[in-house]
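All of the numbers you see were taken from the coordinates with simple rules; none came from a lab. Fair warning: this is a prediction, and the values are worked out from it, not measured in the lab. Because the Cβ atoms are built from the backbone with ideal geometry, glycine has one as well, and the counts that use them run over all protein chains shown.
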Amino acid sequence: MNMILRPVTNADHEFLVDLHNDPEVLKNLTHPSPITVEQHMNWWEKTKNNPSQLRLIFEVDGKCAGFTKFYDIDPVNECCVLGADIHKSHRGKGLARLMWTLMLDKCFNELKLHRVGLTTAEYNVIGQRVYTGLGFKVEGKFTQSLFREGKFWDQYVMYMLKEDWKP
């Protein structure tokens, strides 16, 4: 199986809108609203050249399988925030751990970062299993910061230091 992280191309935008609008993905986003291709393209034009952000396609055997997000890249303090989504056609195949491994390798070996972080919804137990299995640690939570299905939920704040990364 050949897996890579690669830059977003013009051919990827319909895939990205489909991925974003998946109910399972929306449930885990801070702003869980579906988007149109036009809204996505407006956002992309503002985002694609921002040096503090990096967005890459996770590709498996030549097919788009997911989307990786590197936010708030801070070269001075050598840190960033991460996020990622796997397309519904690729879920349940053990690919999330492999995608996150590529992301962490990029952060610690290519971007030369010291620390990475993420937030995850308290109900995202599958994601939490992936993150803790890779070595992320919980450092706190944003109490009742997500409103879903008529209820407030916490978001866990997790981190990993370069010294803790064991690919």
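Using a basic spin-label model with each label point 7 Å from the Cα along Cα→Cβ, how many nm lie between residue 11 and residue 47?
According to this spin-label approximation, the distance is 2.1 nm.
Using DSSP to define loop residues, name the GluC sites (Glu not before Pro) in the range 1-61 whose beta-carbon has at most 14 other beta-carbon atoms within 10 Å.
Filter output for the range 1-61: empty list.
Over what distance in Å are the Cα centres of the range 125-167 and the range 33-60 separated?
After rounding, the separation between the Cα centres reads 23 Å.
Mind checking the full-extension length gain between residue 144 and residue 38? Use 0.36 nm per residue of separation minus the Cα-Cα distance, one decimal, nm.
In short, 35.0 nm is gained.
For the range 1-109, build the charge dipole from Cβ charges (+1 Lys, Arg; -1 Asp, Glu) around the Cα centre, then report which of 36, 76, 57 sits farthest towards its positive end.
Working it through, the farthest residue towards the positive pole turns out to be 57.
Which of the GluC sites (Glu not before Pro) found in the range 79-167 are loop residues per DSSP with 12 or fewer other Cβ atoms within 10 Å of their Cβ?
In loop regions of the range 79-167 (DSSP not H, G, I, E or B), the sparsely surrounded GluC sites (Glu not before Pro) are 149.
If you average 1/r across every pair of different Cα atoms in the chain and take the reciprocal, what Kirkwood value do you get, in Å?
Mean inverse Cα-Cα distance, inverted, gives 16.5 Å.
Quick check for me: using +1 on Lys/Arg Cβ and -1 on Asp/Glu Cβ, what's the dipole size of the chain about its Cα centre, in debye to the nearest 20?
340
Would you mind ranking 165, 100 so that the residue whose beta carbon has the fewest other beta carbons within 10 Å leads the list?
165, 100
Along Cα→Cβ, 7 Å out, is where each label goes; now give me the distance between the ones at residue 77 and residue 101 in nm to one decimal.
Distance between the two pseudo-spin positions: 3.1 nm.
Out of all DSSP beta bridges with both ends in the chain, state the antiparallel percent to the nearest 5.
For the chain, the DSSP antiparallel bridge percentage is about 90.
Name the residue from 120, 92, 102 whose Cα lies farthest towards the positive end of the charge dipole of the range 3-164, charges +1 on Cβ of Lys and Arg and -1 on Cβ of Asp and Glu.
Sorting the options by dipole projection puts first 92.
If we count every other residue with Cβ under 14 angstrom of residue 21's Cβ, Lys/Arg +1 and Asp/Glu -1, where does the sum land?
Once all neighbours under 14 Å are counted, the net charge is -4.
Run the numbers for residue 164 and residue 109: contour at 0.36 nm per residue of separation, minus the present Cα-Cα distance, in nm.
Between residue 164 and residue 109, full extension yields an extra 18.5 nm.
Which distance in nm do the two modelled labels at residue 152 and residue 93 give, with both placed 7 Å along the Cα-to-Cβ direction?
Spacing of the two 7 Å Cα→Cβ label points: 4.0 nm.
Please compare each pair in 106/166; 69/106; 69/166; 27/106 to a cut-off of 18 Å on the Cα-Cα distance and tell me which ones are over it.
From 106/166; 69/106; 69/166; 27/106, over 18 Å: 69/166; 27/106.
In the structure shown, do any of 112/151; 46/93; 46/151; 112/141; 48/112 have a Cα-Cα gap over 31 Å, and if so which?
Beyond 31 Å: 112/151; 46/93; 46/151.
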